[in-house]
Number of protein chains: 2
Amino acid sequence: MRIAIIGFGKIAGDQHVPSMAKVGGYELVGTVSRQGVGVEGVPSFTSHSELLSAGLDLDAVAITTPPSVRYAIARDCIEAGLHTLLEKPPGVTLGEVEELARAAEAKGVVLFTTWHAQHNPPVAAAVERLRGKTIKAFSIVWREDVRKWHPGQLWIWEPGGFGVFDPGINALSIASRIFPGALFVRDAELFFPANRAQPIAAKLTLESPAAVAQLSAEFDWRHSGGEEWTIRAETTDGMKLVLRDGGSKLEVDGEAVPGTGPGEYPSIYEEFAELVAQKRSHVDLTPLRLTADAFLVGRRTQIEAFDD
Amino acid sequence: MRIAIIGFGKIAGDQHVPSMAKVGGYELVGTVSRQGVGVEGVPSFTSHSELLSAGLDLDAVAITTPPSVRYAIARDCIEAGLHTLLEKPPGVTLGEVEELARAAEAKGVVLFTTWHAQHNPPVAAAVERLRGKTIKAFSIVWREDVRKWHPGQLWIWEPGGFGVFDPGINALSIASRIFPGALFVRDAELFFPANRAQPIAAKLTLESPAAVAQLSAEFDWRHSGGEEWTIRAETTDGMKLVLRDGGSKLEVDGEAVPGTGPGEYPSIYEEFAELVAQKRSHVDLTPLRLTADAFLVGRRTQIEAFDD
């Protein structure tokens, strides 16, 4: 598959490029970055329009830009007949991603909305363990230091930037994948620094027909001294499951359970190759819908200003 | 159809009860209201649980409570095997309504999410006129006085109360119905009074593959001296369409176009009877999704406190 990466930055260089190489069957033939960075020996462009008009004989694109500009780029790539892989979150509204899905369907190309945290090998093992169970307790704790993980990233604080939901949506992507039933938001509290347009912390109460209690999620970007990315579940038949480190470690009843699979981004590129071979799109809006619902129903609490 | 109304208040008495009588085929056999109000000669209850355990041989319920409590009530009614009609908006999150749709499907009952403004007779005429067209200008202006239309209604200002989107979602329900293509939110500005948890005004920019320009919507609850509920559309082939008074009057190229149909709520009860006869649910989440997207991507601007 002849592929280009649009929005070439740290995640593209660290994860996408090596994963394509590891999986095989991909040829990186172009990159786009407003700053002109890319990969030595691969043509680089400063806009997706330049890329699309360069006559590169492309099959596909991976779009790894900030989410607010993804729709317009993806729309043009789909219109150009390219299979399209979107980094998480796939857009800044549900509506624009639904429209991309319709456009891809109409054009006969594959659209793949990726949620990398779902591809951690232990996540599939957690899905198996929880299948058919009833949940009696479930909590998500997602705490990290925004100064460490997003230094100088201004867009995360702007409308459409998601704030603490930028990491929090990873937790929601895992939770919605492993939960043995639908998951939806009951209520939420969003904490906005006085000088920021996006929340720095959030508390959610979730509900599910597969649960006998309310479920909780806590996201916090004000956490220094090491991150905590943990999901705990307890079933009515007494099983205790803990996913740690963002889905990369699983314990069931206190014992480590190994995962299987090639790892987050290699798994994404394996799946993309399968989807393209089968001409089948995979559009999962659930993590974005949970986020939109939290913004819709959430109480906004203004807190002290936050400076990087 | 033996039906009960849950959440008996002004809209139930003014619209639902006479519309059932007008359409025919309905028998109102119970009402629920926390204050115990209802219709003379019809058994009234103070909770939906009381209603469901009263042995009334019910076929269906219409739920006209404030939206925040609708999910739990609807879930119990669906579980009890009742066809379920929901006033707008059908819930406070997309996720809970999707879950109700799944539950209704599993139970084999009909779920009908109603958007009364869509049932104004001229709306169907507007759909016909705009079908297949390309839009070059589109604006929604929805201005009313919250003191006149929602006196003493505290829930509209609380999380899950929607604020100015409570009327605004009516405009979005018409717009999404008449627009000749998908409609989604590009950006939004939400104006929150300092002492309120919900916006008193909002400006949205919308986008569509069926439009060659950006589209606008303005909702404002600070408008005294008569309401304005207007949608204007202009097509690339020069047609000018105006829907006034909340969808109840249509002008095309300056000429009044009469609508056909029995009117808002009678049309809803006609459709409900058809859906039940065909055992087919009708779940339209688009207006709620547009609202959730506006909250997700919107910039929040705090303005002066607002007192009733």
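The values are calculated or read from the model by the stated rules, or taken from the named source; none is laboratory data. Because the structure is predicted, anything quoted here is derived from the model rather than measured. Backbone-built Cβ (ideal geometry, glycine too); neighbour counts: all protein chains shown. Side chains are part of the model used for accessible areas, which takes the heavy atoms of the whole protein and leaves out ligands, DNA and RNA. Shrake-Rupley method; radii C 1.70, N 1.55, O 1.52, S 1.80 Å.
Using the crude model of +1 on Lys and Arg Cβ and -1 on Asp and Glu Cβ, and no other charge, please compute the dipole size for segment B:138-277 relative to its Cα centre, in debye to 20.
Details: 12 positive and 21 negative charges, 84 e Å.
With Lys and Arg at +1 and Asp and Glu at -1, about 400 debye.
Placing a label point 7 Å from Cα along the Cα-to-Cβ direction at residue B:216 gives distances to the equivalent points in the other copies of 4.6 nm, listed shortest first. Beta bridges from DSSP with both residues in the protein assembly as shown: antiparallel share about 50 percent, rounded to the nearest 5.
Which value, in square angstrom to the nearest 100, describes the accessible area buried between chains A and B on both sides, using a 1.4 angstrom probe? Numbers along the way, then the final one.
Working: alone 13490 and 13490 Å², together 24100 Å².
Roughly 2900 Å².
The dipole here belongs to chain A: it is taken about the Cα centre, uses +1 on the Cβ of Lys and Arg and -1 on the Cβ of Asp and Glu, and is about 420 debye.
Partner shielding of B:174-181 amounts to 0, given as the average count of beta-carbon atoms from other chains within 10 Å of each residue beta-carbon.
Averaged over the residues of B:96-105, the number of partner chain Cβ atoms lying within 10 Å of the residue Cβ comes to 3.
Which links in B:10/B:203; B:10/B:88; A:88/B:203; A:133/B:279; A:88/A:136; B:107/B:279 stretch past 21 Å when you go from one Cα to the other? Exceeds cut-off: B:10/B:203; A:88/B:203; A:133/B:279; A:88/A:136.
Can you give the calculated 222 nm mean residue ellipticity of chain A, where each DSSP H run of n ≥ 4 adds -39,500 (n - 2.57) and the sum is split over every residue, rounded to the nearest 500 deg cm²/dmol?
Working: 9 runs with 91 residues, N = 308.
Value at 222 nm, helices only, nearest 500: -8500 deg cm²/dmol.
Counting only Cβ charges, +1 for Lys and Arg and -1 for Asp and Glu, the dipole size of the protein assembly as shown around its Cα centre is about 120 debye. Mind checking segment A:1-40 for trypsin sites (Lys or Arg not before Pro) that DSSP puts in a loop (not H, G, I, E or B) and that have at most 14 other Cβ atoms within 10 Å? Of the trypsin sites (Lys or Arg not before Pro), the ones in loops of segment A:1-40 whose Cβ has at most 14 other Cβ atoms within 10 Å are A:34. For the listed peptides B:116-126, A:275-285, a ranking on the average number of other beta carbons within 10 Å per residue, highest first, reads B:116-126, A:275-285. In straight-distance terms, cross-link reach from residue A:249 covers every one of the aspartates and glutamates whose alpha-carbon lies under 16 Å from its own, apart from those fewer than eight places away in the same chain; here that gives A:128, A:227, A:228, A:264.
If contacts are Cα pairs under 8 angstrom and at least 6 residues apart, what is the relative contact order of segment A:2-113 in percent? After rounding, I find 23 percent. Across segment A:198-209, computed HN-Hα scalar couplings (Karplus, 6.51 cos²θ - 1.76 cosθ + 1.60, θ = phi - 60°) run 10, x, 9, 7, 7, 10, 10, 10, 10, 9, 7, x Hz from first to last residue, x flagging Gly and Pro. Simple rule: put +1 on each Lys or Arg Cβ and -1 on each Asp or Glu Cβ in the protein assembly as shown, find the dipole, and look at A:3, A:175, B:226; the Cα lying farthest toward the positive end is A:3. Placing unit charges on the Cβ atoms of the charged side chains and taking the dipole of segment A:2-113 about its Cα centre, the candidate lying farthest along the positive direction among A:30, A:19, A:74 is A:19. For the pair residue A:237 and residue A:136, label points projected 7 Å from Cα toward Cβ lie 1.3 nm apart.
Annotation note: trypsin sites (Lys or Arg not before Pro) in segment B:83-139 located in DSSP loop regions with a Cβ neighbour count of at most 10 within 10 Å are B:131. The mean count of C-beta atoms from other chains within 10 Å of the C-beta of residues in A:282-292, rounded to a whole number, is 3.
Label point of residue A:27 (7 Å along Cα→beta-carbon): distances to the other copies' equivalent points are 7.5 nm, sorted ascending.
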